[in-house]
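Engineer: Quick one: the structure is below, questions incoming.
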Ligand SMILES: Cc1cc2nc3c(=O)[nH]c(=O)nc-3n(C[C@H](O)[C@H](O)[C@H](O)COP(=O)(O)OP(=O)(O)OC[C@H]3O[C@@H](n4cnc5c(N)ncnc54)[C@H](O)[C@@H]3O)c2cc1C
């Protein structure tokens with residue numbers, strides 16, 4: 001398939017990217033191109049102007065300030081996966097990035113592009129919800145921060161407004177983490193993926209956040225499960241009992257890959273496994 005006609009400009013800075021975005025109402029940012037270009041070829045997306053941000057140095061890399069990690073929006077999945085800072089202090093995003101697609105996708109695709117695309121089966125959304133990440137966005141009138149809980153607003157929809165761009169994602173230090181992904185063998189995407197971030201104190205769960213991707217029309221957080229397990233031990237019997245009937249099949253997606261009932265069953269199983277593994281590390 002061939003895309004509709006578009007112009008191409010390469011931005012050298014965030015300000016220049018925002019200016020170019022504002023100049024053409026139906027323009028789109030081009031990061032790794034691994035979601036945008038296929039959707040333009042399928043003519044699901046039509047943009048008359050592409051603003052390439054792959055050369056903006058300020059948008060790349062991982063940095064640490066105390067117990068907070070900042071990942072630039074254009075950091076590739078590979079660089080997230082290989083970040084020594086993340087691996088030692090907050091490994092969830094690195095572990096999630098390592099199971100995205102294949103090496104070609106990880107070499108080009110970026111965390112900002114994935115979050116902005118908001119594919120309901122993408123891997124990062126479960127992790128950023130579980131981590132309680134903050135997403136930094138910039139527009140011509142200034143910058144703001146969106147909490148992960150408020151970021152995904154629908155299927156392929158986010159709280160990023162027209163004319164804004166994601167500049168970075170910040171996550172806290174957290175080592176009691178795990179991501180369980182039931183991979184679709186053909187696409188590599190998650191049929192269902194569950195991320196858990198757990199703190200264990202004195203043998204019981206003192207904090208827990210659980211994010212789910214792939215199951216519903218958008219990534220979701222299992223707040224009921226988080227409350228149910230507060231103060232409990234993360235033993236197998238407790239987790240089996242708590243991780244049962246977590247989501248109603250009627251709220252989930254059913255398609256040729258998996259029925260809604262099967263996805264609901266996967267959420268139970270993967271949540272139990274993710275929490276058990278995270279608690280053992282936390
Ligand atoms: C074969 C294949 C397998 C894949 N498997 C997986 C998988 O297993 N798991 C998974 O999670 N993903 C998977 N993906 C998707 C992949 O992770 C994409 O790289 C990612 O979804 C988009 O990132 P990108 O940098 O390529 O963004 P692009 O394709 O360049 O952009 C995507 C969208 O985000 C917008 N955008 C880009 N950057 C920004 C920004 N900084 N601020 C605001 N908007 C922005 C663009 O305008 C566009 O609308 C796969 C893709 C392919 C082609």
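Coordinate-derived values only; no laboratory data. This is a predicted model, so every value here is computed, not measured. Heads up, the Cβs are rebuilt from the backbone with ideal geometry, glycines too, and the neighbour counts pull from every protein chain shown.
Engineer: How would you rank 8, 262, going from fewest to most other Cβ atoms within 10 Å of each one's own Cβ? Mind dumping the intermediate values first?
Structural biologist: Numbers: 8 9, 262 16.
Arranged by neighbour count, lowest to highest, 8, 262 become 8, 262.
Engineer: To one decimal place, what Kirkwood hydrodynamic radius in Å is obtained for the stretch 92-152 from all pairs of distinct Cα atoms?
Structural biologist: Values: mean 1/r = 0.0804 Å⁻¹.
It is 12.4 Å.
Engineer: Quantify how much of the Cα-Cα distance distribution of the stretch 57-172 extends past 21 Å, in percent. If you can, show how the numbers build up before the last one.
Structural biologist: Details: 1914 of 6670 pairs.
Everything past 21 Å amounts to 29 percent.
Engineer: Can you tell me, using C-alpha contacts under 8 Å and at least 6 residues apart, the relative contact order of the stretch 7-52 as a whole percent?
Structural biologist: Numbers: 52 pairs, mean separation 25.3, N = 46.
Reported relative contact order: 55 percent.
Engineer: Rounded if a/c is under 1.5, else prolate if a/b is larger than b/c, else oblate: which is the stretch 1-123, with a ≥ b ≥ c the root eigenvalues of its Cα gyration tensor?
Structural biologist: Note, shape of the stretch 1-123 comes out oblate.
Engineer: With a Förster radius of 45 Å, plug the Cβ-Cβ distance of residue 255 and residue 232 into 1/(1 + (r/R0)^6) and report the FRET value to the nearest 0.05. Don't skip to the answer; put the middle values down first.
Structural biologist: Numbers: r = 35 Å, r/R0 = 0.77.
Plugging the Cβ-Cβ distance into 1/(1 + (r/R0)^6) gives 0.85.
Engineer: Okay, next question. What are the extents of the Cα atoms of the stretch 7-52 along their three principal axes, in Å, largest first?
Structural biologist: 30, 20, 12
Engineer: Using only the Cα atoms, work out Rg/Rh for the stretch 123-282, with Rh taken as the Kirkwood radius, to two decimals.
Structural biologist: Values: Rg = 16.2 Å, Rh = 16.2 Å.
That ratio is 1.00, to two decimals.
Engineer: Sticking with this structure for a sec: At a 10 Å Cβ-Cβ cut-off, how would you order 63, 35, fewest neighbours first?
Structural biologist: Details: 63 13, 35 21.
With the fewest neighbours first, 63, 35 line up as 63, 35.
Engineer: Which distance in Å, rounded to a whole number, links the C-alpha centroids of the stretch 199-242 and the stretch 86-162?
Structural biologist: 21
Engineer: Per DSSP helix of 4 or more residues, -39500 (n - 2.57); summed, then divided by the residues of the chain. What does that give at 222 nm, rounded to the nearest 500? Each step should come with its number before you reach the end.
Structural biologist: On the way: 12 runs with 95 residues, N = 282.
Taken over the chain, the calculation gives -9000 deg cm²/dmol.
Engineer: So for the pair residue 23, residue 2, with labels modelled 7 Å out along Cα→Cβ, what separation do we get in nm?
Structural biologist: Rounded to a tenth, the inter-label distance reads 2.6 nm.
Engineer: Also, quick follow-up: Could you check the spin-label model distance between residue 141 and residue 48? Points 7 Å from the Cα along Cα→Cβ, value in nm.
Structural biologist: Computed distance between label sites residue 141 and residue 48 equals 2.4 nm.
Engineer: Next question, about the same structure. Working from Cα positions, state the angle (0 to 90°, nearest 10) between the long axis of helix 260-281 and the longest principal axis of the chain.
Structural biologist: 80
Engineer: How much length, in nm to one decimal, is gained on full extension between residue 280 and residue 39, taken as 0.36 nm per residue of separation minus their Cα-Cα distance?
Structural biologist: Details: separation 241, 0.36 × 241 = 86.76 nm, distance 4.06 nm.
Taking 0.36 nm per residue and subtracting the Cα distance, the gain is 82.7 nm.
Engineer: To the nearest 10 degrees, how steeply does helix 14-23 sit against the main Cα axis of the chain, on a 0 to 90 scale?
Structural biologist: 70
Engineer: Still on this structure: How high is the FRET efficiency from residue 67 to residue 13, r the C-beta distance, R0 35 Å, rounded to 0.05? Mind dumping the intermediate values first?
Structural biologist: Values: r = 29 Å, r/R0 = 0.84.
Efficiency, from the Cβ-Cβ distance: 0.75.
Engineer: Rule-of-thumb check for the chain: C-alpha Rg over 2.2 N^0.38 Å? Please report the intermediate quantities before stating the final value.
Structural biologist: Values: Rg = 18.8 Å, N = 282, 2.2 N^0.38 = 18.8 Å.
In units of the 2.2 N^0.38 Å rule of thumb, it is 1.00.
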